[in-house]
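Engineer: Here you go, one structure.
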Amino acid sequence: MSLYGGQKAEPFFCAIVKVAVGRDRFTVTGLKKRWKPKYRDGVERVTLKKTKTDAEWKELLSEEQYYVMRKKGTERPFSGKYNYNKATGEYLCAGCSSPLFSSGDKFDSGTGWPSFTSPHSEASVSTEGDESLLMERTEVLCSECNAHLGHVFSDGPAPTGLRYCINSASLKFVENE
């Protein structure tokens with residue numbers, strides 16, 4: 001079986017329970033192993049998804065972070081510490097420290113949550129349908145630890161036309177030196 005870039009599947013893929021095919025990746029849910037497309041540095045990677053028990057997440061995250069990231073909650077608008085952040089740097093997942101967004105892609109949407117035009121790389125985040133709150137939205141998740149980050153909407157500025165509306169509680173910021 002040939003995958004992205006001519007890579008061959010390993011023999012253990014014979015034990016796949018379920019395979020979900022996405023636009024830029026496929027997920028092997030039975031083994032929690034994923035193929036990822038190229039990162040910004042041009043390297044293709046195969047990684048294991050970072051998993052923790054509920055107790056481990058509660059120990060690692062603050063109460064608000066746990067509510068937002070693991071229970072798919074939302075922080076109050078204009079209350080997040082990164083909504084007005086103008087510093088230059090990278091936004092990482094608060095749960096697993098994976099790079100998610102760059103300050104160069106951040107813009108002021110006026111919605112009360114940090115907003116970005118695109119993720120760090122297409123492999124940084126994953127999306128899935130969300131029909132909660134009696135509306136159809138697209139949920140944004142960390143590709144590494146499956147943490148709820150926020151939602152993506154199609155009303156953003158050029159060049160992507162997308163607005164990744166992300167909870168500050170799901171992020172940690174590393175400023176460039």
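Engineer: Can you name the residue in segment 130-158 that is touching a Lys or Arg at 6+ places or on another chain (Cβ under 6 Å) and in a strand (DSSP E or B) and is also nearest to Glu64 (Cα to Cα) among such residues? I'd like the intermediate steps shown before the answer.
Structural biologist: Residues of segment 130-158 that are touching a Lys or Arg at 6+ places or on another chain (Cβ under 6 Å), as a first pass: 130, 144-145, 148, 151, 153, 155-156.
Next cut, in a strand (DSSP E or B) only: 130, 148, 151, 153.
Working: Asp130: 21, His148: 12, His151: 18, Phe153: 24 Å.
Among them, the one singled out is His148.
Engineer: Could you tell me which numbered condition Pro99 fails, if it satisfies all but one of (1) of a type outside the set (Val, Ile, Thr); (2) modelled with pLDDT under 95; (3) under 15 Å from Ser121 (Cβ atoms); (4) touching a Ser or Thr at 6+ places or on another chain (Cβ under 7 Å)?
Structural biologist: Result: Pro99 fails condition (2) only.
Engineer: Mind listing whichever residues of segment 84-95 are more than 17 Å from Cys142 (Cα to Cα) and in contact (Cβ under 8 Å) with a residue 40 or more places away in the chain?
Structural biologist: Of the residues in segment 84-95, the ones more than 17 Å from Cys142 (Cα to Cα) are 84-89.
Of everything in segment 84-95, those that are more than 17 Å from Cys142 (Cα to Cα) and in contact (Cβ under 8 Å) with a residue 40 or more places away in the chain turn out to be Asn85, Ala87, Thr88, Gly89.
Engineer: Restricting the search to segment 65-79, which residues are surrounded by 13 or more Cβ atoms within 10 Å (Cβ to Cβ) and of a type in the set (Phe, Trp, Tyr)? Break it down stepwise before answering.
Structural biologist: Step one: list which residues in segment 65-79 are surrounded by 13 or more Cβ atoms within 10 Å (Cβ to Cβ), which gives 65-70, 72-75, 79.
Those that are surrounded by 13 or more Cβ atoms within 10 Å (Cβ to Cβ) and of a type in the set (Phe, Trp, Tyr): Tyr66, Tyr67.
Engineer: Given the conditions (1) over 10 Å from the mean Cα position of the chain (by Cα); (2) at pLDDT 95 or above, which single one is not true for Val125?
Structural biologist: Every listed condition holds for Val125 apart from (1).
Residues checked against (1) free of Cβ contacts under 8 Å to residues at least 24 places away in the same chain; (2) charged (D, E, K, R); (3) under 16 Å from Glu75 (Cβ atoms); (4) not assigned by TED's automatic domain parsing to the domain that holds Arg76:
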{"residue": "Ser97", "(1), (2), (3), (4)": "no, no, no, no"}
{"residue": "Ser102", "(1), (2), (3), (4)": "yes, no, no, no"}
{"residue": "Phe107", "(1), (2), (3), (4)": "no, no, no, no"}
{"residue": "Thr117", "(1), (2), (3), (4)": "no, no, no, no"}
{"residue": "Glu122", "(1), (2), (3), (4)": "no, yes, no, no"}
{"residue": "Glu128", "(1), (2), (3), (4)": "yes, yes, no, no"}
{"residue": "Leu134", "(1), (2), (3), (4)": "yes, no, no, no"}
{"residue": "Tyr164", "(1), (2), (3), (4)": "no, no, yes, no"}
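The values are calculated or read from the model by the stated rules, or taken from the named source; none is laboratory data. A quick note: this is a predicted structure, and the numbers were derived from the prediction, not measured. Note that each Cβ is placed from the backbone with ideal geometry, even for glycine, and that neighbours are counted across all protein chains shown.
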